[in-house]
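Below: one structure, written as structure tokens.
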Amino acid sequence: MSTALTSGRRNAVERLRALFVAGRSKPFVPRGSHAPRCPDCRVLFSHCLCSLRPQVTTQAGICLIMCDNEPLKPSNTGWLIADVVNDTAAFGWSRTAVEPALLTLLADPQWQPYLVFPGEFAAAPRVVTELQPLCGKKPLFVLLDATWSEARKMFRKSPYLDHLPVLSLQPEQLSRYRLRRSARAEHLCTSEVAAVCLAMAGEPHAAETLEVYLDVFSNHYLNSRQSVAPDLEDAAHQRLRGLALLVPGNHANTPLDPGSSPG
Ligand SMILES: [Zn+2]
């Protein structure tokens with residue numbers, strides 16, 4: 001189960017979600033409100049943020065390896081990465097099999113893959129804390145999109161990742177992610193990890209856009225659960241609009257992919 005980088009109109013996680021849905025015998029019912037959700041941003045229609053979605057072009061790529069139901073969860077933040085960062089690929093994870101397309105991507109000479117994971121869980125020679133000289137290659141950040149305990153299992157039981165350098169992040173701030181509790185507060189959510197990676201790769205605008213988009217998404221998502229209207233003039237919304245103006249031809253209020261079809 002996989003989606004390739006920048007193929008098709010739906011983002012990589014949307015396409016992966018469609019494959020998951022097609023392969024399930026029972027429909028996935030997210031917890032919380034059963035009111036209809038926008039199929040594109042996953043938030044209740046009353047709080048849809050599709051018109052605010054930014055998109056950035058980056059040199060770096062993101063490769064999401066997603067556990068079980070992650071693409072189906074309304075609170076999943078890997079989806080936000082695929083929304084914002086053009087070069088995002090998404091694959092489903094299985095303990096017993098690996099997608100050939102994932103192996104092809106990891107072996108593609110245009111990319112230098114890094115498996116982003118805490119260094120304390122890897123053998124010391126694999127661990128790096130900075131990007132290596134790339135010799136014409138572009139960094140590809142491989143993120144395990146899962147709960148923390150699932151991610152550790154994925155890390156241990158994915159031998160096809162064992163040859164990759166492990167990029168160990170040193171996050172300076174605690175997660176601001178409020179949608180899901182983590183067992184350890186210092187863990188960043190997936191889109192925050194991607195933002196840190198993009199900043200390391202010398203892409204500060206993309207990093208900040210992704211970070212602010214998470215704030216805007218969180219605002220809409222959390223307010224929808226409390227039946228409070230989103231504040232379109234709060235600091236995050238204003239910052240997102242300002243970031244869009246920094247890129248010629250990129251307007252946060254313009255639908256980026258008007259031809260995309262939901263579901
Ligand atoms: Zn929407």
message = Testing the spin-label approximation: label points 7 Å from Cα along Cα→Cβ at Thr96 and Leu19. State their distance in nm.
response = 1.8
note = Note, the stretch 49-60: 3J(HN,Hα) by Karplus (6.51, -1.76, 1.60, θ = phi - 60°), whole Hz, Gly/Pro = x, goes 10, 4, 6, 9, 5, x, 9, 10, 9, 10, 6, 6
message = Between Arg156 and Val128, what is the label-point separation in nm under the 7 Å Cα-to-beta-carbon projection?
response = 2.7
message = 5 Å is the cut-off here: which amide hydrogens, built 1.01 Å from N in the peptide plane, fall below it relative to Asp145, excluding neighbours closer than 5 in sequence?
response = Ile65, Met66, Cys67
ask   = For the pair Gln110 and Gln59, how long in nm is the line joining their label points, each one 7 Å along Cα→Cβ?
value = 1.5
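Rule-based calculations on the coordinates, nothing more; no lab input. Computed from a predicted model, the values in this text were never measured in an experiment. Because the Cβ atoms are built from the backbone with ideal geometry, glycine has one as well, and the counts that use them run over all protein chains shown.
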